[in-house]
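Following: one structure in structure tokens, then a few remarks.
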Amino acid sequence: MSLSTLFPVAFPALALAHFVALLSPGQDFFLIVGHSIRHRLQGSRFICLGVALGNALYIALAILGWTNIRDNQLVFSFVEILGAIYLLWIGQRLLRSQKTETLVEAEHEQEKAPSAINQLFLGLNSALLNPKNALFYMSLMTVILGSEVTLIQQVSCGVWMFFAVLLWDLFIASAIGRPRIQMQLKAVIHIIERVAGLVLIFFGITLFTGYLS
């Protein structure tokens, strides 16, 4: 099976557009930062997996035909409202972050990292409760790939984007969780968490504002 069978001619454009979008911080990014800054990779790796799986589901919906769901205003609004509530809830938790005074206290805090299941649900919910993810992937799959793309090529592109999201998020969590960076950031961890919380709350309020308008 040749590469042209697996990947369409427009694949480089799609891969570039997708990666540029990953570089733009969104709610998933700040969720990962908020947890990896405190719990390192151990407390955020399954959040990364959950985010990637949520993106994978929306990619699958884009392939199968998200248009029908997108045009259902009731369903779309319901997902938006749930997403806004979820972001406000996560944001206020991060906003209440307290300063860690000593290294012993920091190590104790490390032991309280969320379980793998909790992390997975945090990441999955963050991705799924943002319908703009679905619109983004629908735009990529239709505008860039066009109507001549085959199902195999769509699936191949979807697998590529899933791993791109997963590996990029793991890279962010791993970089922030490095001991040297942790030592440098220890005095301002609570400030970074609060900023991440404010950003998530901003995203949540923006969703509500857009819905009400």
- Query: Taking the stated definitions as given, is Q119 surrounded by fewer than 20 Cβ atoms within 10 Å (Cβ to Cβ) and modelled with pLDDT of 85 or more?
  - Reply: no
- Message: What's the total number of residues in the stretch 31-54 that are open to solvent by less than 40 Å² (accessible area, probe 1.4 Å) and assigned to a helix (DSSP H, G or I)?
- Response: 16
- Looking at the stretch 1-17, which of the residues that are assigned to a helix (DSSP H, G or I) and modelled with pLDDT under 85 is nearest to L151 (Cα to Cα)? T5
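The values are calculated or read from the model by the stated rules, or taken from the named source; none is laboratory data. In this text the structure is predicted, and so the values were computed from the model without any measurement. Cβ sites come from the backbone with ideal geometry, for glycine too, and all protein chains shown count toward neighbours. Quick note on the areas: whole protein, heavy atoms, side chains included, nothing else; ligands and nucleic acids left out. Shrake-Rupley method; radii C 1.70, N 1.55, O 1.52, S 1.80 Å.
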